[in-house]
Amino acid sequence: MLALRAYQVADARGLIKLDAMENPYPLPEVVRKAWAQRLAAVAVNRYPDPEAAALKAALRSAMDLPLGASLMLGNGSDELLQILISAVARPGATLVTPAPGFAMFGLIARAAGLRHETVDLTPEFALDADAMRAAIDAHRPALVIVAQPNNPTGNAFDAAALRAVVEAAPGLVVIDEAYYPFADADCRAWLDDYPHLLLLRTVSKLGLAGLRLGLLAGAPRWIEALEPLRLPYNINALTQAGAEVALSHYDAFAAQAAAIVAERRRLHEALAALPGLTVHPSQANFLLVRVPAGRAPALHAGLRDAGILVKLVDGSHPLVADCLRITVGSPEGNTAVITALGDLLGA
Ligand SMILES: Cc1ncc(COP(=O)(O)O)c(C=O)c1O
């Protein structure tokens, strides 16, 4: 236990925050107004609805989730990952994920004592379906988790390769669609094809990261089996009421996501035009940018000095050596990072 390290969150005070894939836009006005009334009326002297039934109905309708799927809600999708990983963490059990991937998969597995085997993506960040199948055959994992689109690379994997992984898995498969609001396609319909598939989503990237709300959708049998690991009141009353109201204005959040996708295009083109930068294709609300060899730590520090916080992913996995991960921010934030990187690179 003394060897465990907590997830590191950088101090962003006073900085333009482009490190954590947050939506840069303020809460839509229509939601702000509706919240004022609704949240003031929440009976916080009472425990919240342990089933969060009204919120589940709102999520189902806003995200158009398959009727046959049951839902479990979590305090962020992080909590649902913790529940899933704790559920399968038995001696001899294994988690398989592609790498590089979302850091929490490994951190939670380690804390839960679950063996974690990673399978490298190809140098182009494609899912290596053959290598994934080989790892699945070798380890017979209790759980496979794939983020689609992937963090920190930002790309969406080829659907056929992802299906091959789902079909090869002998245990549970989780497709983590944290970045679905910015992607061209999603896997909701796959739930009807694969009873061992669970879909993980969050409202964080839509613009509600502070509420802490994620959802797991899948076959009722699996959701029921996971239910004993969920603490009864894990979704607090203010989150239940606030998210329900917000989801009734889903269009306003979808419009912000569309604005982020448009800014992603502009940021991509502008960064790709700077000397020595390679910008990887993204279906998410961030860009993975490869900088000239050996310069990532200094550029990260230089951006911080210029008042901009991005994520240094160089050093986390050999495939993302020399890389920075830059969240798509507001138009002003994006212009600031383009200008600052241009200055640092002497463009
Ligand atoms: C792939 C992936 N899954 C899950 C999460 C966590 O989401 P939440 O805010 O719902 O805990 C993130 C956050 O960055 C992520 O990148």
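The values are calculated or read from the model by the stated rules, or taken from the named source; none is laboratory data. If you're wondering where the values come from, they're calculated on a predicted model, not measured in any experiment. Virtual Cβ from ideal backbone geometry, glycine too; neighbours counted across all protein chains shown. Please note that ligands, DNA and RNA were not included when accessible areas were found on the heavy atoms of the full protein model with its side chains. Shrake-Rupley method; radii C 1.70, N 1.55, O 1.52, S 1.80 Å.
Observations
- Pro98 meets the conditions (1) more than 13 Å from the ligand (Cβ to nearest atom); (2) farther than 27 Å from Arg60 by Cβ; (3) touching a helix residue (DSSP H, G or I) at 6+ places or on another chain (Cβ under 9 Å) in every case but one. The failed one is (1).
- For the criterion of being in contact (Cβ under 8 Å) with a residue 12 or more places away in the chain, farther than 18 Å from Ala254 by Cβ, open to solvent by 70 Å² or more (accessible area, probe 1.4 Å) and not in a loop (DSSP other than H, G, I, E, B), Arg38 passes.
- Residue count, segment 65-94 (criterion: touching a helix residue (DSSP H, G or I) at 6+ places or on another chain (Cβ under 6 Å) and either aliphatic (A, V, I, L, M) or over 19 Å from Leu206 (Cβ atoms) (or both)): 13
- Within segment 1-38, the set of residues being of a type in the set (Val, Ile, Thr) and under 18 Å from the mean Cα position of the chain (by Cα) comprises Val9 only.
- Single residue of segment 50-63 satisfying the filter (touching a helix residue (DSSP H, G or I) at 6+ places or on another chain (Cβ under 7 Å) and small (Gly, Ala, Ser)) that is most open to solvent (accessible area, probe 1.4 Å): Ala54
- Conditions (1) modelled with pLDDT of 95 or more; (2) surrounded by 10 or more Cβ atoms within 10 Å (Cβ to Cβ): number failed by Ala10: (1)
- Qualifying position, being more than 24 Å from Asp314 (Cβ to Cβ) and either part of a loop (DSSP other than H, G, I, E, B) or of a type in the set (Phe, Trp, Tyr) (or both), among Pro149, Pro141: Pro141
- Taken as a whole, the condition of being in a helix (DSSP H, G or I) and surrounded by fewer than 18 Cβ atoms within 10 Å (Cβ to Cβ) applies to Leu319.
- Any hit, segment 13-31, residues being within 30 Å of Thr339 (Cα to Cα), in contact with a strand residue (DSSP E or B) (Cβ under 7 Å, 6 or more places away or on another chain) and away from the ligand (no atom under 16 Å from the Cβ): yes
- From Leu121, Leu71, Leu107, Leu80, residue being closer than 23 Å to Leu312 by Cβ, among the aliphatic types (A, V, I, L, M) and touching a strand residue (DSSP E or B) at 6+ places or on another chain (Cβ under 8 Å): Leu121
- Selected residue (criterion: most open to solvent (accessible area, probe 1.4 Å)) from residues of segment 164-188 that are assigned to a loop (DSSP other than H, G, I, E, B) and out of contact with any strand residue (DSSP E or B) (no Cβ under 9 Å at 6 or more places or on another chain): Asp184
- Scan of segment 64-78 for residues that are surrounded by fewer than 22 Cβ atoms within 10 Å (Cβ to Cβ) and either outside the structural domain of Glu227 (by TED's automatic domain parsing) or part of a helix (DSSP H, G or I) (or both), ordered by number: Asp78
- Meets criteria (of a type in the set (Lys, Arg) and away from the ligand (no atom under 12 Å from the Cβ)) for Arg163: yes
- Residue ID - most open to solvent (accessible area, probe 1.4 Å), chosen from residues in segment 322-347 that are among the hydroxyl-bearing types (Ser, Thr, Tyr) and in contact (Cβ under 8 Å) with a residue 12 or more places away in the chain: Ser330
- Checked against the criterion of being in contact (Cβ under 8 Å) with a residue 40 or more places away in the chain, within 16 Å of the ligand (Cβ to nearest atom) and over 24 Å from Phe105 (Cα atoms), the candidates Ala243, Ala252, Ala217 yield just one match: Ala243.
To keep it simple, each residue is scored yes or no on (1) among the polar types (S, T, N, Q); (2) open to solvent by 50 Å² or more (accessible area, probe 1.4 Å).
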residue	(1), (2)
Ile235	no, no
Val245	no, no
Ile260	no, no
Glu263	no, no
Glu269	no, yes
Thr278	yes, yes
Ser282	yes, no
